[in-house]
Structures are given as structure tokens and as C-alpha cells.
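The values are calculated or read from the model by the stated rules, or taken from the named source; none is laboratory data. This structure is a prediction, so every number in the text was calculated from the model and none was measured. Counting neighbours? That spans all protein chains shown, and the Cβs are built from the backbone with ideal geometry, glycine included. Calculation scope for accessible area: heavy atoms of the full protein, side chains included, ligands and nucleic acids excluded. Shrake-Rupley method; radii C 1.70, N 1.55, O 1.52, S 1.80 Å.
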Amino acid sequence: MNESSYVYVCAAFSAIGGLLFGYDIGVISGILTMSHFREKFPSGPAKEGSIVSSLLAGCFFGALVSGYFADKIGRKFSILGASMVFIVGSVLQATATTFIQLYFGRVVAGVSIGILSMIVPLYQSEISPKEIRGRLISFQQWSITIGFAISFWINYATEKFDSSAQWRIPLWIQNVPALILAFGMPFLPFSPRWLVHSDRDEEAITVLAKLRAGGDRTAVAVQKEYTEIKDNVRFEREFAAKNYSELVKRGPENIRRRVLLGIFIQIFQQLNGINAIMFYAPQIYNNAGIDLSTGINGFVNILATIPAILWVDRWGRRPTLISGSIIMGASMLVIGSILAINGTKYFDSSLGKNFIKLDNKASSLAVIIFIYIFVAGFAYSWGPTRWIYPAEIYPLRIRGKAMSITTAFNWLFNFVLGQIVPILLNSITWGIIMAISVHIFYPETKGNSLEEMDSIFSNIHPNNISISRQHYPPSPLNSESINIGQQRENFRDLESGIPEEEEEEIYLST
Ligand code: BGC
């Protein structure tokens, strides 16, 4: 296997974590409507809501604690551990005979999904070469969409059984990908960045060699990336604090701003209303009177994620996010208008919910088509980019902690919106706010290494840094006023005693 296919295999394999996420969330929304499940767990809307939200509560908690594990036991073992926890949660759910056991199983599975939802993109970002980092992290979103779709078709098939197998089988099945992930993870490499961070430099070079150069430890690309990571780690140890309080400090690296950008990208990803469609899609489609539209919705979601995999590293994060917001906002405008003009609101007392009925076939079809356009608009943009961006903007020493907080916000808003959905029309406003916010506040990150992000966020691109050696050394005490990219460059030269250009020549000649 050559180096590039190896890194693809590692990123794709770890993305099974995303599959568990999509599958488990998808499966429960189908199960809730199954006759044998309802017989076993008689519930009204409130209980149904709590079956969904117990998972989300677990996810929120899992995302919060994931930062600790990511740093302590590393990315690889955290993924392994989380997949084992998932199996426990999943068995509890599949064998549930009481509400308590069901809830408990949901929370346990949720904790695992929360951990995976943070650590998988983190791992993918740290093994990726910068040129295809967006693509490899997009695998996470792609596998979520595949998990959703598989769950739909499995539910669709087992719904026909006239026993509790109807809902227990879909829950048992999710153990298969979880077992594959648990057994396969030990064969994947550690994150080279985590290895350097843990002072396991030799192993880091070996991993980088496998990922970048077919095992050649002396390859220039390997040496260069290792040096860059090492310099960063040394620099961070020298100058930086290492706890959560750092996340709220501005500091020379603009950490607080980066944390806010990460939090808001996660919040926006939920506020655009995607889950009003994903979770309530069956009801929307039934209203519109066409069967299997939910299944097609799943395919649209999968297919429309592919452009991100292919081109997000070429388009850049900003244009992707801005165009996605505009497409989503515009589709919601059309859907909202059709519902307002041609819809009649009514209350279904057996389900205890409000519905909108569309009598006119043409408007039903138009609603469905615009829902697909909305989902496609999400799938290539906010779906994958909310994983990509937070996984690349933080310095190594706080990457785990910062990502865990930002991911937790996604789960929190997923939960909150679940309580107040559907509010489709609001999504139009959010589409506009999202597009404008990205335009004003979010710097482009494509094509830069993780180690170069500090320069971007302190406003000078690494290629443009001009070092004035007379001014060295910069004092960390007045570092608020000194560009961090410049500090790093100076630090690098001071450490090695060799200007960077000469360092490169030395590697080339070894
Ligand atoms: C989000 C989910 C959403 C899914 C849709 C994920 O990135 O976290 O909330 O349902 O995308 O494909």
C-alpha cells in the first residue's frame, strides 16, 4: 500500500465512529413508530422526546469528557474505548425490558457517540497531510449520512416482523460496525502529533514515515513535518499555559476568538434547521403524501456530501459555508412560503402533534424537492465543514480541550432545538446570519498545516512573515503586541541555531 492510500484507509476506518453516530440516531427515530416498540414502551410525545434526548444528554457529556481522554490516553485508544462503551449501551438497548434500562442504554451509547464525535475528526486532522485534510475529515460526515441511510432501510425491512424482533434487530445490528471499529483500531497508527506531544518522537517519525513516505523515515516530507510539529510542541511548552482557563483568555494567539468561532460554527450547524428535516422528515413527507421520500432523503444526504470530499480543499472552507447557508436559507424561504399559502394547520389528537396538510399535489412535490435541495445544501457545506474547521484551528496543547467544548455545544443545541422544532421559517433568518458571520469572522484555513494556524489567527500568513533578527528575542511578557507567527519563527531558529532556509538544505542532503 502506498503512503497516500494508507492515510485514506486510516481516515476512512476511524470514520466508522461517524457511522455509529448516524445509525444509532436514525434507528431510534424509526423504532419509535413501530407497533411492538410502542406496545412494550407505551409513550406519548413527552416520553418519545425523552428517549431521543437521553441519547443527546449522553452525547453532550461524552463530548465534554472526550478532551481529557484524547490527551491522556491518546486519540487512538479513546476511539477504541468509546467503541467498546457503545457496545455496552447498544446491548442494553437491544435487550431492554424496562424504561429505565432503555434510558440507561441510550445514555451510555450517547456518551460513546459524544466521545467519538470529537475524537474521530481530531484524529483524522492529525494524521492528514494539509492538502487533503478537509477531504479526510469529511469522511466523518459521509459515514454519518451512510449510517442514517442504513438505519432507515434496516428499520424499513424489520418493521414487517410481528414480534419485538421488529425493533430489537436494528439495535443488535449496530454492534457489528462497533465491533469492527474496536477490533480494527489497534492496527491503526497513533496520531503523530499526540506522540510528539507525549515525547514519543521515534514512534512519531515512524508513523509519519508510514503515512507520508511508504515507511521512509529519512524522506524530506517526513523530516519537515516532524520538525514543524516538534518546534510547535517545544514552543508551546515554553510559552503556554495548559489548562481550560486558557480557552477564555485572548492571549497572543487569539485563543478566545478561535474558541468562539468553533462554538458558533457548531451552533450554526444546528440552528440552520437540518434536524427539523432529519428527525421530522417522516412526518413532513407523510403530510406531503409520498412514501419512501425519507429513504430518498438519505441518498440525497450521502450523495451531496461527495462534492465536499472531492473539492472542499480546493474551494476552501469559507466559500463552502457561505454558499451552503444561502442555498439552505433560500430553500426554506420557498418551503415556508408554500406551506403558508397552500397549507392548513391541524392537530392530530392520537399523536398529540400539530401538522400542516397540503391538499394540492403540485405543492407537495415542490415542498419535497426543496427539502432535498435544502439537505443537499447542508450536506456539502455545513455538514462536513463543522467537523473540519474546529479540528484545524487550535494549537496542539489545547486542541483536545477546545474541540471537546465546541462539540458539546453542537449536542447542546441539537437537544435544545429538538424541544422546539419544527420552526422551519426561522431557518431562513439563520441562513442569512450564518452567511454574513462566516464572511466577516471566519478566516480561510485550507492548505495550511495545523502548525501554521497560529499565524493565520494572529493575522499574518506564514508565507508573509518577515523576520527581523535584530529584534530577537521577543519577550513573552509583552507578547500581546507581538505576532505569534513571528515568535515561533524566531524560536525555531534559536532552538536549532540555524535559520529555517538552511535547515531545509540539511534535510535535503541527508
Ligand atoms: C449533525 C447531525 C445531523 C447530520 C445530518 C451531522 O453533522 O451533527 O445533527 O443530523 O449531520 O446529516
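Of all residues in segment 302-346, those satisfying the criterion of being farther than 28 Å from residue 388 by Cβ, open to solvent by less than 30 Å² (accessible area, probe 1.4 Å) and assigned to a helix (DSSP H, G or I) are 336, 338. Applying the selection to segment 353-389, what residues are in a loop (DSSP other than H, G, I, E, B), at pLDDT 95 or above and either open to solvent by 30 Å² or more (accessible area, probe 1.4 Å) or in contact with a Cys (Cβ under 8 Å, 6 or more places away or on another chain) (or both)? Correct list: 380 only.
Considered as a group, the residues in segment 17-45 that are open to solvent by 30 Å² or more (accessible area, probe 1.4 Å) and within 16 Å of the ligand (Cβ to nearest atom) include one that is nearest to residue 139 (Cα to Cα), and that residue is 19. Pairing each residue of segment 260-279 that is farther than 16 Å from residue 145 by Cβ and not assigned by the TED database to the domain that holds residue 326 with any residue that is open to solvent by less than 20 Å² (accessible area, probe 1.4 Å) and near the ligand (Cβ under 10 Å from one of its atoms), provided the two are 6+ apart or on different chains, yields no C-beta distance under 8 Å.
Within the set of pairs 6+ apart or on separate chains, which have a first residue in segment 360-385 that is touching a residue at least 60 places away in the same chain (Cβ under 8 Å), a second that is more than 13 Å from the ligand (Cβ to nearest atom) and not in a helix (DSSP H, G or I), and C-beta atoms under 6 Å apart? Listed pairs, sorted by first residue: 364/289; 364/358. If you check residue 57 against the conditions, is it surrounded by fewer than 21 Cβ atoms within 10 Å (Cβ to Cβ), under 23 Å from residue 391 (Cα atoms) and within 16 Å of the ligand (Cβ to nearest atom)? When the stated conditions are applied, residue 57 passes them.
Only a single criterion out of (1) at pLDDT below 95; (2) in a helix (DSSP H, G or I) is not satisfied by residue 290, namely (2). Taken as a whole, the structure leaves residue 96 outside the set of residues that are buried (at least 19 other Cβ atoms within 10 Å of the Cβ), out of contact with any strand residue (DSSP E or B) (no Cβ under 9 Å at 6 or more places or on another chain) and in a helix (DSSP H, G or I). Within segment 82-101, residues that are farther than 21 Å from residue 40 by Cα reach partners that are at pLDDT 95 or above and open to solvent by 40 Å² or more (accessible area, probe 1.4 Å) with beta carbons closer than 7 Å, at six or more positions or on different chains, in the pairs 87/179. Which of the residues that make up segment 199-219 are open to solvent by 80 Å² or more (accessible area, probe 1.4 Å) and among the polar types (S, T, N, Q)? Selection gives 218 alone.
Scan segment 62-70 and give yes if some residue there is open to solvent by 10 Å² or more (accessible area, probe 1.4 Å), touching a Gly at 6+ places or on another chain (Cβ under 6 Å) and within 16 Å of the ligand (Cβ to nearest atom), otherwise no.
no
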